[in-house]
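A.B. asks: Quick one: the structure is below, and I'll ask about it shortly.
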There are 2 protein chains.
Amino acid sequence: MKKHTHGNNTTLLENHKLRITPVRQQVLGLFMGKPHALSHSDIEQTLVGDFDRVTIYRTLTSFVDKGLVHKIPAENGVVRYALCKDTCSEEAHHHSHVHFNCGACGQTFCLENISVPTITLPQGYTFTDMNYLATGTCKNCNKAQH
Amino acid sequence: MKKHTHGNNTTLLENHKLRITPVRQQVLGLFMGKPHALSHSDIEQTLVGDFDRVTIYRTLTSFVDKGLVHKIPAENGVVRYALCKDTCSEEAHHHSHVHFNCGACGQTFCLENISVPTITLPQGYTFTDMNYLATGTCKNCNKAQH
DNA sequence: AACTAATTTGCAACATTGTTGCAAATAGAC
DNA sequence: GTCTATTTGCAACAATGTTGCAAATTAGTT
């Protein structure tokens, strides 16, 4: 099997000040190959060659820290991760997009292209981050039912 | 110690087709006494008389099923629960309010009184539930800093 | 007040998810 | 190739959530 995404991954990791290691390249490759968010166990089951559970946790943590991926907690408590688009960095995550969790296929997508209205908080509250999670049925699953 | 909330709790439980038991009365009492959301471990530590961990899980599950409380997953994966206002039932939960998680005190509040804009999803997607989670600093903690 | 059926509880055991410390291996810079 | 800081694997642990089953309890009925 050829590592056709090798070059891209490496550059991305370097850009985020992360050392190039096999786990990181593979995990990043998974994210780039899938349109939806991945949980720790998704990743653990998909990786070729066995890496330690702990290593995967630490890989994900470092990715979040360096602004490469963001965390998406689902309603049932499952935590997933998805690639950040562009504006995220070590300093801060900026995710004003909606996360969509499909009840049929169970997958979580980032809906980048829909407008997100601004929510005004009450007096005295300040906020650093806003998270939108929609639950329902996704395009594919709706089509499948028809 | 007097059970001063006994009457209220009992009625609420009956209204939601739940049998009246000591755990349920106490857990419901906790929710009614606190303005913020509670996690399983919050509840476990606060209850007087020791009830089994499993029983508390099942109590919370039954409350959610019957539309008495709703689940609020935080960004770090911690799951909390808060009382539903009124319109929730066994059939469906309707929570178009914002959940606010304070990074300073760690508490989660339901902000009922702020307007929540409608989000329009892309073609093909249908949604049943929308969840807003803001992270930042709450009124009290902002005041404390000043 | 006693009887009964269905629900709920406690216990034990287990599964999953996430964390920490430390020695060995590795990446990147010289 | 050498050196240093980072990363990995392992082991152990902590926290969170689930399941099966027997005993206890609730609420309705006589």
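The values are calculated or read from the model by the stated rules, or taken from the named source; none is laboratory data. None of these values were measured; they are calculated from a predicted model. FYI the Cβ positions are ideal-geometry reconstructions off the backbone, even for glycines, and counts take in every protein chain you see.
A.B. asks: Mind telling me which of the residues B:G33, B:G67 ends up being away from DNA strand D (no atom under 13 Å from the Cβ), more than 14 Å from every other protein chain (Cβ to nearest Cβ), surrounded by 14 or more Cβ atoms within 10 Å (Cβ to Cβ) and not basic (K, R)?
C.D. replies: One residue alone meets the criteria, B:G67.
A.B. asks: While we're on this one: Name, by its number, the condition in (1) within 13 Å of chain B (Cβ to nearest Cβ); (2) of a type in the set (A, V, I, L, M, F, W, C); (3) out of contact with any Leu (no Cβ under 6 Å at 6 or more places or on another chain); (4) surrounded by 17 or more Cβ atoms within 10 Å (Cβ to Cβ) that does not hold for A:L83.
C.D. replies: A:L83 satisfies every listed condition except (1).
A.B. asks: In region A:41-64, what count of residues is obtained for those that are more than 11 Å from DNA strand D (Cβ to nearest atom) and in contact with a His (Cβ under 7 Å, 6 or more places away or on another chain)?
C.D. replies: Going through region A:41-64 one residue at a time, the tally reaches 1.
A.B. asks: Does B:L121 satisfy the condition of being aliphatic (A, V, I, L, M) and more than 12 Å from the chain's Cα centre (by Cα)?
C.D. replies: Yes: the conditions hold for B:L121.
A.B. asks: Next question. If you check every pair at least six apart or on different chains, which have Cβ atoms under 7 Å apart with a residue in region A:37-61 that is within 15 Å of A:Y81 (Cβ to Cβ) and more than 14 Å from chain B (Cβ to nearest Cβ) first and a residue that is among the charged types (D, E, K, R) and within 10 Å of DNA strand D (Cβ to nearest atom) second?
C.D. replies: These pairs meet every condition: A:E44/A:R53; A:T59/A:R24.
A.B. asks: Among the residues of region A:129-146, which ones are within 7 Å of chain B (Cβ to nearest Cβ) and in contact (Cβ under 8 Å) with a residue 12 or more places away in the chain?
C.D. replies: A:D129, A:M130, A:N131, A:Y132, A:L133, A:A134, A:T135, A:G136, A:T137, A:C138
A.B. asks: State the number of residues belonging to region A:6-30 that are within 12 Å of DNA strand D (Cβ to nearest atom) and not in a loop (DSSP other than H, G, I, E, B).
C.D. replies: Of the residues in region A:6-30, 9 are within 12 Å of DNA strand D (Cβ to nearest atom) and not in a loop (DSSP other than H, G, I, E, B).
A.B. asks: List the number of the failed condition for A:V54; all other conditions in (1) closer than 30 Å to B:L121 by Cβ; (2) modelled with pLDDT of 95 or more; (3) among the aliphatic types (A, V, I, L, M) hold.
C.D. replies: The single condition A:V54 does not satisfy is (1).
A.B. asks: Looking only at strands (runs of 3 or more DSSP E) that lie completely in region B:33-146, which have at least 2 residues being more than 23 Å from B:L12 (Cβ to Cβ)?
C.D. replies: B:98-102, B:126-137
A.B. asks: Being of a type outside the set (K, R) and within 13 Å of DNA strand D (Cβ to nearest atom): is that true of B:L38 here?
C.D. replies: Yes: the conditions hold for B:L38.
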